[in-house]
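Remarks on the structure that follows.
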Amino acid sequence: MNIFIDTISPLWKIILYADGKIIKEKDLKILWSEYSLFLDELMAFLDENEVSLKDLDRLVVVNWPGWFTGTRIMALIANTIKFVHDIPLGSIDYFRLLELSGLGYPMIIKANRTEYLLKSKPLSDPVIVPKAEIVPREYSWIWDELDFENQKVSIKWIWDYEKLIENLESDWNLEKIEPYYIKKPNIT
């Protein structure tokens, strides 16, 4: 059994999977309460499915780019589970999440109130682009609170977790996950 945790989306997701197939999944709406609720929610999810941490074969998390608190908390929890139970760790970034879910380029994520992180093609590095310079077109991304309809920008953000899990690599064994988050002016 493996656990995949997506903490980048507005609804966090925990997925229990094996052999490229989803066994059970749960959405969490805990924004602004990550530090106090996530671990309890994870443990409750495992209990509901009669799985303990020591039974897991792998823990995979979405680690970049993210917001300061959620990203650091997720890295801390994942690293602690690895340390205590010696479970192999895996990590994918936001853009890889979209790729494995079947979405195409260009991909974009909000960096702050006035800028976006844009990745134009698979081998390109993401760049920070001011909101005013976002070219009207269709982008793949997960979420935002802004309305782009007047600028003729179309957003595709629904991805396929079944496809993601089916395509997810399984050979990771990171020693530690370093939290990567969006920080002005750089991404660290």
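Here are some notes:
- Number of residues in segment 90-118 that are of a type in the set (Asp, Glu) and within 21 Å of ALA78 (Cα to Cα) equals 1.
- Among the candidates LEU117, LEU164, the residue that is modelled with pLDDT of 85 or more and within 18 Å of THR7 (Cβ to Cβ) is uniquely LEU164.
- Just one of the listed residues (PRO130, PRO122) is in contact with a helix residue (DSSP H, G or I) (Cβ under 8 Å, 6 or more places away or on another chain) and loosely packed, with under 15 Cβ neighbours inside 10 Å, and it is PRO122.
- Restricting attention to segment 47-68, the residues that are modelled with pLDDT of 85 or more and either over 23 Å from GLU175 (Cβ atoms) or among the aromatic types (Phe, Trp, Tyr) (or both) add up to 5.
The values are calculated or read from the model by the stated rules, or taken from the named source; none is laboratory data. Treat the numbers as computed from the prediction; the structure is a model and nothing was measured. Positions of Cβ are backbone-derived with ideal geometry, glycine not excepted, and every protein chain shown enters the neighbour counts.
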